[in-house]
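The values are calculated or read from the model by the stated rules, or taken from the named source; none is laboratory data. Every value quoted in this text rests on a predicted model; they were computed, and no experiment measured them. Positions of Cβ are generated from backbone atoms using ideal geometry, with glycine treated the same way; all protein chains shown enter the neighbour counts. Just the protein is used for accessible areas: all its heavy atoms, side chains included, with ligands, DNA and RNA removed. Shrake-Rupley method; radii C 1.70, N 1.55, O 1.52, S 1.80 Å.
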Amino acid sequence: IDPVKGFVEYLPSNVQSYWTDIHTNGKKIQLGVFAGITTNKGFKEEIVGSSSITGRAVNIKSLLRVSPRITYSFEHIRFAFETEYTKADYGSSYDSKGVPVNLVKADNFRFLLAVYYFIK
């Protein structure tokens with residue numbers, strides 16, 4: 001950062017992510033599960049200050065999600081149930097490469113029930 005000339009250098013952040021979605025193809029009952037993990041790996045170079053880190057959810061070190069589901073279809077009606085577990089590690093500050101530190105863990109459970117009516 002050159003405050004005299006107003007020049008600012010931007011660096012891409014490094015993120016590692018793995019996810020999968022697996023499901024069956026039954027006519028009446030279908031089972032499925034989504035699972036994924038994302039980890040914030042910071043920047044390749046050291047950053048000038050933590051106040052210069054901007055972006056969406058840059059204070060999250062890692063995020064894990066597991067979401068199993070089941071659907072039951074009967075003639076014109078479908079019932080779907082899904083549950084989701086999400087775990088996030090939030091940081092209150094950053095190390096020299098912008099990786100969140102001083103982590104606080106947060107857990108979340110969500111349940112979803114949907115009923116569909118199809119007009120044929």
Inset, instruction - Name, by its number, the condition in (1) surrounded by fewer than 12 Cβ atoms within 10 Å (Cβ to Cβ); (2) more than 30 Å from residue 9 (Cβ to Cβ) that does not hold for residue 80. - result: (1)
Legend entry - Output for region 1-35, where each listed residue is closer than 30 Å to residue 79 by Cβ, of a type outside the set (S, T, N, Q) and part of a loop (DSSP other than H, G, I, E, B): 26, 27, 28
Inset, instruction - Assess whether residue 88 counts as being open to solvent by less than 60 Å² (accessible area, probe 1.4 Å), closer than 29 Å to residue 119 by Cβ and out of contact with any Asp or Glu (no Cβ under 6 Å at 6 or more places or on another chain). - result: no
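Identify, from the list 71, 38, the residue that is polar (S, T, N, Q), within 26 Å of residue 120 (Cα to Cα), open to solvent by less than 90 Å² (accessible area, probe 1.4 Å) and in a strand (DSSP E or B).
Working: 38 fails: within 26 Å of residue 120 (Cα to Cα).
Going through 71, 38 in turn, the sole match is 71.
Which of the residues spanning region 91-100 are open to solvent by 50 Å² or more (accessible area, probe 1.4 Å) and either in a strand (DSSP E or B) or among the aliphatic types (A, V, I, L, M) (or both)?
If the condition is that a residue be open to solvent by 50 Å² or more (accessible area, probe 1.4 Å) and either in a strand (DSSP E or B) or among the aliphatic types (A, V, I, L, M) (or both), then 92, 94 are the ones that fit.
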Inset, instruction - Evaluate region 42-60: report whether one residue or more is out of contact with any helix residue (DSSP H, G or I) (no Cβ under 6 Å at 6 or more places or on another chain), assigned to a strand (DSSP E or B) and among the basic types (Lys, Arg). - result: no
Inset, instruction - Run residue 68 past the list (1) of a type outside the set (A, V, I, L, M); (2) within 17 Å of residue 35 (Cβ to Cβ); (3) free of Cβ contacts under 8 Å to residues at least 24 places away in the same chain; (4) in contact with a Gly (Cβ under 9 Å, 6 or more places away or on another chain) and report the number of the one that doesn't hold. - result: (3)
Inset, instruction - Working only within region 87-120, note down all residues that are on the phi > 0 side of the Ramachandran plot and at pLDDT 95 or above. - result: none
